[in-house]
Amino acid sequence: MRKNIVAGNWKMNNDLPQTEALIDGLKSQTQTSNAEVMIAPTFTNLWHAFEELRQSKIEVIAQNMHFAENGAYTGEVSASMLKSVGIQTVILGHSERRAYFNETDQLLAKKVDAALANDMRVIFCFGEELADRKSGNEESVVENQIKNALFHLEGSAFKNIVLAYEPVWAIGTGETASPEQAQDMHAFIRKTLDSKYGSEVADNMTILYGGSVKPNNANEIFSKPDVDGGLIGGASLKAEDFFAIVNAF
């Protein structure tokens with residue numbers, strides 16, 4: 001059964017007082033949808049956010065993790081460390097991690113394996129850049145990113161995976177992705193899963209859209225049959241805007 005999810009990725013924003021203020025704002029909002037709601041603060045604020053929202057329906061998740069359980073990896077955080085402060089879900093493969101930190105499909109496969117081995121849920125991100133879209137290679141790029149990082153898994157593993165399609169070319173570039181383009185790619189992603197794992201895995205897979213979802217376009221995007229929610233960036237930093245998106249379902 002596919003779930004509707006709206007996840008806010010706060011990226012490298014908000015110190016502790018700002019995190020507290022935003023959480024207070026989130027608590028003041030009324031949810032009218034049945035979507036799962038998640039927020040991903042910075043590492044330094046995960047425990048505080050988890051404690052503040054322990055009695056809430058809002059799940060606190062992590063933005064990244066390392067594939068190793070421990071060791072000489074200065075500045076990194078492991079799955080077990082995340083779990084020790086209450087975190088059960090992690091975002092992996094975000095376009096910024098790929099672009100700025102050179103994360104490859106092969107590295108991400110190791111991270112996915114580590115998260116699943118620790119019984120964590122993964123929000124796995126992927127998507128094409130502007131040059132790929134303009135050259136008509138968007139489907140092959142997305143297909144390869146999914147296959148390279150995930151297709152070594154057994155079908156049963158996908159019950160703990162959520163996919164998040166990010167058209168990188170439509171984020172902060174002045175280019176705009178239409179709801180129809182989002183639907184077309186989500187349908188292709190589902191078809192790709194079906195080709196390897198069959199219709200049960202494909203039909204039950206939650207696929208989020210991460211291409212500049214805002215209060216004024218969320219309704220139309222979420223109305224598409226293969227779009228099951230959103231991975232929200234900038235709009236998740238304002239409680240009212242974030243919950244306007246949540247309530248678009």
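The values are calculated or read from the model by the stated rules, or taken from the named source; none is laboratory data. These figures come from a predicted structure and were not determined experimentally. Glycine gets a Cβ as well: all are built from the backbone with ideal geometry, and neighbour counts include every protein chain shown.
Looking for something modelled with pLDDT of 95 or more, outside any helix (DSSP H, G or I) and touching a strand residue (DSSP E or B) at 6+ places or on another chain (Cβ under 9 Å) - is there at least one such residue anywhere in the range 179-202? The answer is no, given that none of the residues of the range 179-202 is modelled with pLDDT of 95 or more, outside any helix (DSSP H, G or I) and touching a strand residue (DSSP E or B) at 6+ places or on another chain (Cβ under 9 Å).
When GLY211 is tested against (1) in contact with a helix residue (DSSP H, G or I) (Cβ under 8 Å, 6 or more places away or on another chain); (2) outside any loop (DSSP other than H, G, I, E, B), exactly one condition is not met: (2).
Applying the condition of being farther than 24 Å from ASP113 by Cα and among the charged types (D, E, K, R) to the range 38-64 and asking which residue is surrounded by the most Cβ atoms within 10 Å (Cβ to Cβ) yields GLU52.
Evaluated against (1) in contact with a helix residue (DSSP H, G or I) (Cβ under 7 Å, 6 or more places away or on another chain); (2) surrounded by 18 or more Cβ atoms within 10 Å (Cβ to Cβ); (3) over 24 Å from TYR209 (Cα atoms), ASN118 falls short on exactly one condition, (2).
Put simply, of GLU20, GLU96, GLU52 the only residue that is touching a helix residue (DSSP H, G or I) at 6+ places or on another chain (Cβ under 6 Å) and among the charged types (D, E, K, R) is GLU52.
Residue-by-condition table, conditions (1) part of a helix (DSSP H, G or I); (2) modelled with pLDDT under 95:
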residue: ARG97; (1), (2): yes, no
residue: LYS111; (1), (2): yes, no
residue: ASP119; (1), (2): no, no
residue: CYS125; (1), (2): no, no
residue: ARG133; (1), (2): yes, yes
residue: GLY136; (1), (2): no, yes
residue: VAL141; (1), (2): yes, no
residue: LYS147; (1), (2): yes, no
residue: HIS152; (1), (2): no, no
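The condition (being among the aromatic types (Phe, Trp, Tyr), over 23 Å from ILE58 (Cα atoms) and buried (at least 16 other Cβ atoms within 10 Å of the Cβ)) is satisfied by just one residue among TYR165, TYR197: TYR197. Pairs linking a residue in the range 138-153 that is surrounded by 17 or more Cβ atoms within 10 Å (Cβ to Cβ) to a residue that is in a loop (DSSP other than H, G, I, E, B) and among the small types (Gly, Ala, Ser), with Cβ atoms under 7 Å and 6 or more positions apart or on different chains, are VAL142/GLY127; ALA149/GLY93. Just so you know, in the range 65-91 the residues that are aliphatic (A, V, I, L, M) and touching a Ser or Thr at 6+ places or on another chain (Cβ under 7 Å) include one that is surrounded by the most Cβ atoms within 10 Å (Cβ to Cβ), and it is MET65. Just one of the numbered conditions (1) under 27 Å from PHE243 (Cβ atoms); (2) among the acidic types (Asp, Glu); (3) crowded, with 19+ Cβ neighbours inside 10 Å; (4) out of contact with any Cys (no Cβ under 6 Å at 6 or more places or on another chain) is not true of GLU128: (1).
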